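Every number in this text was worked out from the coordinates using simple rules, so none of it is lab data. Given the structure is predicted, the values throughout are model-derived calculations rather than measurements. Cβ placement follows ideal geometry from the backbone for every residue including glycine, while neighbour counts extend to all protein chains displayed.
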Amino acid sequence: MTADQRVEICATPPDEHGVSGTYSYNFATGLAISELYFETQDNRFSTKYYRADHEGVNTMGLGLVRGDHVYSVHLTGMDGRYVSAAQLHVYDSIADFDSERGEAEALRLYCEPGSVRVNWDFIRP
């Protein structure tokens, strides 16, 4: 991603069971109108890059489904503390997103870790 591009993935406030009903995805450059904005109730969680014995540092992914595609963010870091790497992926199908094989995405963008703001409760399964 370029320095002036941004992606925001948000959720409505959780209900009494701690579940958000609607998620939104917003991709824009600078202060321009969004190039891609959608809302969905269909979200996925990925642990395809998760490794259990990694001293607390791990990768989690959250994907939002739009039509046949899944738009996701994969964050590597210490859960609840910091992000050391961030990537945006676009998958051509839910099956590709859910697959345990890596490198299944159609598009991968890298983010500057220091630019990422995370609500860790939101990104957990």
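How compact is the stretch 1-61 by the rule of thumb for globular proteins, expressed as Cα Rg over 2.2 N^0.38 Å? Don't skip to the end; give the middle numbers.
Details: Rg = 15.3 Å, N = 61, 2.2 N^0.38 = 10.5 Å.
That ratio works out to 1.45.
Ranked from highest to lowest mean number of other Cβ atoms within 10 Å per residue, what is the order of the peptides 61-73, 95-107? Mind dumping the intermediate values first?
Working: 61-73: 19.8, 95-107: 13.1.
Order by mean packing, descending: 61-73, 95-107.
At 10 °C and a viscosity of 1.306 mPa s, what translational diffusion coefficient does Stokes-Einstein give for the chain, taking Rh as the Kirkwood radius over Cα pairs? Give it in µm²/s as a whole number. Spell out each step's value before the answer.
Details: Rh = 15.1 Å.
Stokes-Einstein gives a translational diffusion coefficient of 105 µm²/s.
Given 0.36 nm per residue, what is the gain on full extension from Gln5 to Asn43 after removing their alpha carbon distance, in nm?
Details: separation 38, 0.36 × 38 = 13.68 nm, distance 2.30 nm.
So the chain would gain 11.4 nm between Gln5 and Asn43.
Which net charge results for the neighbourhood of Val90, defined as the other residues with beta-carbon distances under 12 angstrom from its beta-carbon, given Lys and Arg at +1 and Asp and Glu at -1? Write out the running numbers ahead of the final one.
Working: positive: Arg66, Arg108; negative: Asp68, Asp92, Asp96, Glu105.
Around Val90, the surrounding residues sum to -2.
For the stretch 22-96, what class follows from the C-alpha gyration tensor (a ≥ b ≥ c being the square roots of its eigenvalues): rounded when a/c is under 1.5, otherwise prolate if a/b is larger than b/c, else oblate? Don't skip to the answer; put the middle values down first.
Values: a/c = 2.51, a/b = 1.52, b/c = 1.65.
It comes out oblate by the Cα gyration axes.
Over the stretch 1-118, what is the mean sequence separation of C-alpha contacts under 8 Å (at least six apart), divided by residue count, expressed as relative contact order in percent? Walk me through the numbers before you get to the answer.
Details: 235 pairs, mean separation 18.9, N = 118.
The normalised contact order for the stretch 1-118 reaches 16 percent.
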